[in-house]
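Peer 1: Below you'll find the structure I mean.
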Amino acid sequence: MKTTVTATASNGWMNGLIGVLLFSGSMPATKVAVLSLDPVFVTLVRALIAAILAALFLFYTKATWPSKQESQSLLLVSAGAVIGFPLLSSLALQHMTAARSLVFVGTLPLSTAIFAVLRGKERPKPLFWLFAFLGSTLVVGFAYMQHATSSLMGDLLMLAAIVLCGLAYAEGAVLTKTMGGSQVISWAIIFALPVLVPTFFFFIPASLETIQMDTWVSLLYLGTMSMFTGFIFWYKGLAQGGIATVGQLQLLQPFFGLALAAFFLKEYISIGMIGVTLGVVLCVAASKKFA
């Protein structure tokens, strides 16, 4: 029995890690998109791309309609993960750099852990909170050292985005235990369509021909990976390994993003970045041990 539980937890960490990897390009891709498009339109397009995948999945698997209680939770996931976080972070990135957004991404594990207690009824040990705070402090401190600029409006928007995202992560993980991660994110996206579709026609640009290829690539990534595929692995990982515990993997997301930037954009990675990353890895490992 203990072996089975351990294997499930290990699978949870692996699925969570895959989810974080798929999320890692979200902020840079969103920044590219909002440079030439309205942030509301960016939010709508990424969600509608994901809606096509969600509809195909639900049709192929012949999924049954969620119960009333499940639907109420799905509306929270939809409000936080499908509309709230993408919209608020897109608006915030009009007032800050992608680097500055790392300050707030670094606090997302704490937001998730708090909602894991409130919504998931989890009770991590006191030492877990110590390493969770330490890991977040390392990420936030590193982000501040990048001398990124912002404004009060941008900071407030990102803070609201993080709160809604933490709620959506915890709520979705609880649902995943009975519905499965694929159905949770699929239904959450479908539930948002009554808002997404009419709003899309209101915010559509006068001409789509002027949109550059890098913007389209960013939107495609956001819709297929950040909004859909990443959530399948992420919710499954949270459900298997524990919301608060596996949620600490998000501390690695900014550094995965930096690695992607170094690989694709040939950006420089300093010794300090590597040192902070190692510190974060140790905090994540300690959080896992004491959860």
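The values are calculated or read from the model by the stated rules, or taken from the named source; none is laboratory data. Just so we're clear, the structure is a prediction, and the values are computed from it rather than from any experiment. FYI the Cβ positions are ideal-geometry reconstructions off the backbone, even for glycines, and counts take in every protein chain you see. Surface accessibility is based on the protein's heavy atoms, side chains included, excluding ligands, DNA and RNA. Shrake-Rupley method; radii C 1.70, N 1.55, O 1.52, S 1.80 Å.
Peer 1: Taking Leu53, is it open to solvent by 10 Å² or more (accessible area, probe 1.4 Å), under 16 Å from the mean Cα position of the chain (by Cα) and closer than 14 Å to Met225 by Cα?
Peer 2: Values: open to solvent by 10 Å² or more (accessible area, probe 1.4 Å): yes; under 16 Å from the mean Cα position of the chain (by Cα): no; closer than 14 Å to Met225 by Cα: yes.
Spelling it out, it is not the case that Leu53 is open to solvent by 10 Å² or more (accessible area, probe 1.4 Å), under 16 Å from the mean Cα position of the chain (by Cα) and closer than 14 Å to Met225 by Cα.
Peer 1: Sort through Leu175, Leu193, Leu118, Leu164 and tell me the only one that's within 28 Å of Ile49 (Cβ to Cβ) and surrounded by fewer than 20 Cβ atoms within 10 Å (Cβ to Cβ). Steps first, answer last, please.
Peer 2: Values: Leu175 fails: surrounded by fewer than 20 Cβ atoms within 10 Å (Cβ to Cβ); Leu118 fails: within 28 Å of Ile49 (Cβ to Cβ); Leu164 fails: surrounded by fewer than 20 Cβ atoms within 10 Å (Cβ to Cβ).
Sole residue among the options that is within 28 Å of Ile49 (Cβ to Cβ) and surrounded by fewer than 20 Cβ atoms within 10 Å (Cβ to Cβ): Leu193.
Peer 1: What do you reckon, is Ala239 open to solvent by less than 40 Å² (accessible area, probe 1.4 Å), touching a Lys or Arg at 6+ places or on another chain (Cβ under 6 Å) and of a type in the set (A, V, I, L, M, F, W, C)?
Peer 2: On the way: open to solvent by less than 40 Å² (accessible area, probe 1.4 Å): yes; touching a Lys or Arg at 6+ places or on another chain (Cβ under 6 Å): yes; of a type in the set (A, V, I, L, M, F, W, C): yes.
Yes, satisfied.
Peer 1: Checking the structure you have, find out if any residue of the stretch 22-44 is out of contact with any helix residue (DSSP H, G or I) (no Cβ under 8 Å at 6 or more places or on another chain), among the small types (Gly, Ala, Ser) and open to solvent by 50 Å² or more (accessible area, probe 1.4 Å).
Peer 2: Step one: filter the stretch 22-44 for residues out of contact with any helix residue (DSSP H, G or I) (no Cβ under 8 Å at 6 or more places or on another chain), giving none.
Checking the stretch 22-44: not a single residue is out of contact with any helix residue (DSSP H, G or I) (no Cβ under 8 Å at 6 or more places or on another chain), among the small types (Gly, Ala, Ser) and open to solvent by 50 Å² or more (accessible area, probe 1.4 Å).
Peer 1: For Leu159, only one of the following conditions fails: (1) of a type outside the set (Ser, Thr, Tyr); (2) open to solvent by 10 Å² or more (accessible area, probe 1.4 Å); (3) closer than 25 Å to Phe57 by Cα. What is its number?
Peer 2: Evaluating Leu159 over (1) of a type outside the set (Ser, Thr, Tyr); (2) open to solvent by 10 Å² or more (accessible area, probe 1.4 Å); (3) closer than 25 Å to Phe57 by Cα leaves (3) as the failure.
Peer 1: Does Ser207 fit the bill of being open to solvent by less than 90 Å² (accessible area, probe 1.4 Å) and free of Cβ contacts under 8 Å to residues at least 40 places away in the same chain? Give the steps one after another, and end with the answer.
Peer 2: Numbers: open to solvent by less than 90 Å² (accessible area, probe 1.4 Å): yes; free of Cβ contacts under 8 Å to residues at least 40 places away in the same chain: yes.
When the stated conditions are applied, Ser207 passes them.
Peer 1: What number of residues in the stretch 45-69 are in a loop (DSSP other than H, G, I, E, B) and not hydroxyl-bearing (Ser, Thr, Tyr)? Step through it out loud before you land on a result.
Peer 2: Filtering the stretch 45-69 down to residues in a loop (DSSP other than H, G, I, E, B) leaves 62-67.
In the following step, the residues that additionally are not hydroxyl-bearing (Ser, Thr, Tyr) were identified as 62-63, 65-66.
Adding up the residues that qualify gives 4.
Peer 1: I've got another one for you. So Val217 fits all but one of (1) surrounded by 21 or more Cβ atoms within 10 Å (Cβ to Cβ); (2) at pLDDT 90 or above; what number is the exception?
Peer 2: Against the list (1) surrounded by 21 or more Cβ atoms within 10 Å (Cβ to Cβ); (2) at pLDDT 90 or above, Val217 comes up short only on (1).
Peer 1: Take residues that are touching a Pro at 6+ places or on another chain (Cβ under 6 Å) and modelled with pLDDT of 85 or more and tell me which of the helices (runs of 4 or more DSSP H) falling wholly in the stretch 78-176 contain 1 or more. Lay out the reasoning, then the answer.
Peer 2: Values: elements: 85-92, 98-105, 108-118, 126-144.
Helices (runs of 4 or more DSSP H) meeting the threshold: 85-92.
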